[in-house]
Amino acid sequence: MLARRVEKTGQSSTMQIAARAFALKEQGIDIINFNIGEPDFPTPEYIKKAAIRAINDNQTKYTTNSGIYNLRKAICEKLLHENHVQYHPEEILVTNGAKQAVYNAVLASVDDGDEVIIPAPYWPSFPEMVRIACGKPVFIEGGLDNGFKISARQLEKAITSKTKAFSLNNPCNPTGAVYSRQELSILADILIRNKVNIISDEIYEKLVFDDFKYTCIASISEKVKNNTIIVNGASKAFAMTGWRLGYAAGPAEWIKAMDMIQSHSTSAASTISQFATLTALQEPQKIVMEMVAEFQKRRDYMVKRLKRIKGINCSVPQGAFYLFPEISFFFGKSYNGFKINNSVNFVECLLEEAKTAMVPGSGFGMEGYVRISYANSMDNLEKGMDNIENVLSKLA
């Protein structure tokens, strides 16, 4: 009955854990969510007012499939002034969330048997999109000792005659790792020399800490730009996850192909969300900077608490709102009927016993770790860490 591609596609581990946590909440159990993949802040008022204004102005019909011209123009201006890379509106596609932009880019460029190199840990949807396109994901593991970033040697070794694309997530979900301009330049040189396309998911670009200077990979050179699709959107920077508004920027031919694919699937993004995002891009970024400052404060607190727990090894990420601590020390231990042999067992134990939800590292291609989101209030972060410390202290 079902197509073979469905059999090849795995379920999202983040969604599975979220479903179990939601089920416990429905039973009246207070669960602290460390598995959240979205800012806990509300969408800024000026953006919400722009959406209401669009409704009142009857901006409620279909737009062109690629998105309203003024929004695409504003995206070009944003990319020029913030990322130092120049595009024209015909090189922009507005999508139903950044995820659709990645999906369109994969479908438009990956053929049967093509290999796509994906650094691990990775966002779980990346390899599944490649498989749906009948491509083959090839993984390179970036270890804790290198801040979860891959090396030039690893990349060179992974490239074959079948390599079609390289998938970059910078800053990274789940690790928060961010590549410097120098690191990106080295990787980009290898990719361009080997004629490998780049799909760069930069949705967390504004969420960087410690005065880190973010670099868009397409800004490195014209050659890199001509072989790259940039993916971004409004969801993380402006706390607009439910508005489902993303975009892609890249070579006109590639964008045209993605536009065609989108026209036969969802068509244009929500008109109201497009007008709201137009305002988000045009207004001052003070609220975004305030959100980033709060995330950095939470990151510092969570790293401090995690490093107090014997057996946990946690790096200090420079971006996003995730931590990716190593927890393999606890494998082989037990508590209250839970035997911990892997990251799934670890997460299940803490969900049931510490009433705290997180995501197993196996879902991101890295066993022995868990993803913890600090997109939550300080009160909840403190309560969740107290619960976790209490349970882990009793493991035997």
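Of everything in the stretch 296-317 that's under 22 Å from the mean Cα position of the chain (by Cα) and not in a helix (DSSP H, G or I), which residue is surrounded by the fewest Cβ atoms within 10 Å (Cβ to Cβ)?
Restricting to residues being under 22 Å from the mean Cα position of the chain (by Cα) and not in a helix (DSSP H, G or I), the top hit is 316.
Being without any contact (Cβ under 8 Å) to a residue 24 or more places away in the chain, small (Gly, Ala, Ser) and in a helix (DSSP H, G or I) narrows it down to one residue among 280, 293; which is it? So that I can check it myself, show each step before the final result.
Working: 280 fails: without any contact (Cβ under 8 Å) to a residue 24 or more places away in the chain.
It is 293.
For the stretch 95-109, does any single residue satisfy the condition of being of a type in the set (Ser, Thr, Tyr), under 23 Å from residue 267 (Cα atoms) and surrounded by fewer than 21 Cβ atoms within 10 Å (Cβ to Cβ)?
Looking for residues that are of a type in the set (Ser, Thr, Tyr), under 23 Å from residue 267 (Cα atoms) and surrounded by fewer than 21 Cβ atoms within 10 Å (Cβ to Cβ), one finds at least one in the stretch 95-109, hence yes.
Which of the residues that make up the stretch 208-238 are in contact with a Lys or Arg (Cβ under 6 Å, 6 or more places away or on another chain), of a type in the set (A, V, I, L, M) and part of a loop (DSSP other than H, G, I, E, B)? It would help to see each step written out before you state the result.
Just the residues of the stretch 208-238 that are in contact with a Lys or Arg (Cβ under 6 Å, 6 or more places away or on another chain), to begin with: 215, 218, 237.
This time we only want the ones that are of a type in the set (A, V, I, L, M), so: 218, 237.
237, the sole residue that qualifies.
Which condition breaks for residue 394 when tested against (1) buried (at least 16 other Cβ atoms within 10 Å of the Cβ); (2) farther than 27 Å from residue 238 by Cα; (3) touching a residue at least 24 places away in the same chain (Cβ under 8 Å); (4) touching a strand residue (DSSP E or B) at 6+ places or on another chain (Cβ under 9 Å)?
Result: residue 394 passes all but (1).
Restricting to helices (runs of 4 or more DSSP H) lying wholly in the stretch 1-61: which have 1 or more residues that are under 19 Å from the mean Cα position of the chain (by Cα) and not assigned by TED's automatic domain parsing to the domain that holds residue 294? Reasoning before the result, please.
Details: elements: 4-8, 13-26, 45-56.
Counting at least 1 such residues, we get no helices (runs of 4 or more DSSP H) at all.
Within the stretch 257-271, identify whether any single residue is under 23 Å from residue 207 (Cβ atoms), of a type outside the set (Gly, Ala, Ser) and not in a helix (DSSP H, G or I), and answer yes or no.
So the first thing to find is which residues in the stretch 257-271 are under 23 Å from residue 207 (Cβ atoms), and the list is 269.
Those still in the list that are of a type outside the set (Gly, Ala, Ser) too: none.
No: zero hits.
Say whether the condition of being touching a residue at least 24 places away in the same chain (Cβ under 8 Å) and not in a helix (DSSP H, G or I) is met by at least one residue in the stretch 102-112.
Scanning the stretch 102-112 turns up at least one residue that is touching a residue at least 24 places away in the same chain (Cβ under 8 Å) and not in a helix (DSSP H, G or I).
Give 328, 373 a once-over and let me know the one that is small (Gly, Ala, Ser), more than 29 Å from residue 41 (Cα to Cα) and modelled with pLDDT of 95 or more. Please lay out each step first, then the result.
On the way: 373 fails: more than 29 Å from residue 41 (Cα to Cα).
Just one listed residue meets the conditions, 328.
Hey, among the residues in the stretch 34-45 that are surrounded by 14 or more Cβ atoms within 10 Å (Cβ to Cβ) and of a type outside the set (D, E, K, R), which one's modelled with the lowest pLDDT? Reasoning before the result, please.
Narrowing the stretch 34-45 to residues surrounded by 14 or more Cβ atoms within 10 Å (Cβ to Cβ): 34-41, 43-44.
In the following step, the residues that additionally are of a type outside the set (D, E, K, R) were identified as 34-37, 39, 41, 43-44.
Details: 34: 95, 35: 91, 36: 86, 37: 90, 39: 97, 41: 97, 43: 98, 44: 97.
By that ranking, first place goes to 36.
Can you pull out every residue in the stretch 330-355 that is within 26 Å of the chain's Cα centre (by Cα), of a type in the set (Gly, Ala, Ser) and outside any helix (DSSP H, G or I)?
none
As an exercise: evaluate residue 276 against (1) surrounded by 23 or more Cβ atoms within 10 Å (Cβ to Cβ); (2) at pLDDT below 95 and give the number of the one condition it does not meet.
Condition not satisfied by residue 276: (2).
The values are calculated or read from the model by the stated rules, or taken from the named source; none is laboratory data. Only a predicted model underlies this, so the values are computations on that prediction, with no experimental measurement involved. Here the Cβ is made from the backbone with ideal geometry for all residues, glycine too, and neighbour counts use every protein chain on show.
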